[in-house]
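The structure under discussion appears below in the form of structure tokens.
The values are calculated or read from the model by the stated rules, or taken from the named source; none is laboratory data. Everything numeric here is computed off the predicted structure, so don't read it as measured data. Counting neighbours? That spans all protein chains shown, and the Cβs are built from the backbone with ideal geometry, glycine included. Each accessible area value is taken on the protein alone, full model and side chains, heavy atoms only, with ligands, DNA and RNA left out. Shrake-Rupley method; radii C 1.70, N 1.55, O 1.52, S 1.80 Å.
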Amino acid sequence: MAILRYISIMFCFLFISCNNKSEYSKDDSSFYGIYLKEWNSLLCPKKILFEKYEKNSSFKIIIRGDTRFNIEGCENEVKEINQRIFTPIVSYTGKIDYDIKLIIDDSLEFKITSIDNKIDTVFSGGRPGDFIIMNNISSFIVNGYKVDNSKTPLNIEIPTKTGKVLKK
């Protein structure tokens, strides 16, 4: 009886795995969100200024600025995760070929340069065999600190401690 059960389970496993075709989708988003890790404050940010600058221009040649971001992570249920999440209301698309300056509440500044990103295929997190072809951010430099972003390449994760305080 045990052998028959074992054979039945193996047959089902082989049948399911043989019919599982890989599916690919394409997403042109540059990133899904900006995560400020290790926030360590009860204060919730009220605004963000996201500015794109021409790459290697020392933040002198601005391309565009934007303040249209949703701010998440301030609700009581998620405060314990110790991060704030900024998601763009209007998606940024394509590979990031510019430098970024973020200013949070006119008091905390993050200058992001040397963004190492490329279009790549990643597991979508759904069923086995589902993949997304999109921009992946592996690393960047924030205010002189190198950040390894390879664990969450679909987002920009910044340690809050790398921010420059503009005013108190």
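Determine which member of the set Arg84, Arg64 is touching an Asp or Glu at 6+ places or on another chain (Cβ under 8 Å), open to solvent by 80 Å² or more (accessible area, probe 1.4 Å) and part of a strand (DSSP E or B).
So the residue among Arg84, Arg64 that is touching an Asp or Glu at 6+ places or on another chain (Cβ under 8 Å), open to solvent by 80 Å² or more (accessible area, probe 1.4 Å) and part of a strand (DSSP E or B) is Arg64.
Could you tell me whether Gly73 is on the phi > 0 side of the Ramachandran plot, touching a strand residue (DSSP E or B) at 6+ places or on another chain (Cβ under 8 Å) and either in contact (Cβ under 8 Å) with a residue 60 or more places away in the chain or of a type in the set (Gly, Ala, Ser) (or both)?
yes
Can you confirm whether Lys55 is more than 16 Å from the chain's Cα centre (by Cα), at pLDDT 95 or above and surrounded by 13 or more Cβ atoms within 10 Å (Cβ to Cβ)?
yes
Give the residue, chosen from Lys21, Lys46, Lys111, Lys95, that is open to solvent by 50 Å² or more (accessible area, probe 1.4 Å), in a loop (DSSP other than H, G, I, E, B) and either more than 26 Å from Asp130 (Cβ to Cβ) or modelled with pLDDT of 95 or more (or both).
Residue meeting the stated conditions: Lys46.
Take Glu72 and tell me if it is open to solvent by less than 30 Å² (accessible area, probe 1.4 Å) and either farther than 30 Å from Lys21 by Cα or under 18 Å from the mean Cα position of the chain (by Cα) (or both). Spell out how you get there, then give the answer.
Working: open to solvent by less than 30 Å² (accessible area, probe 1.4 Å): no; either farther than 30 Å from Lys21 by Cα or under 18 Å from the mean Cα position of the chain (by Cα) (or both): yes.
Judged against the criteria, Glu72 is not a match.
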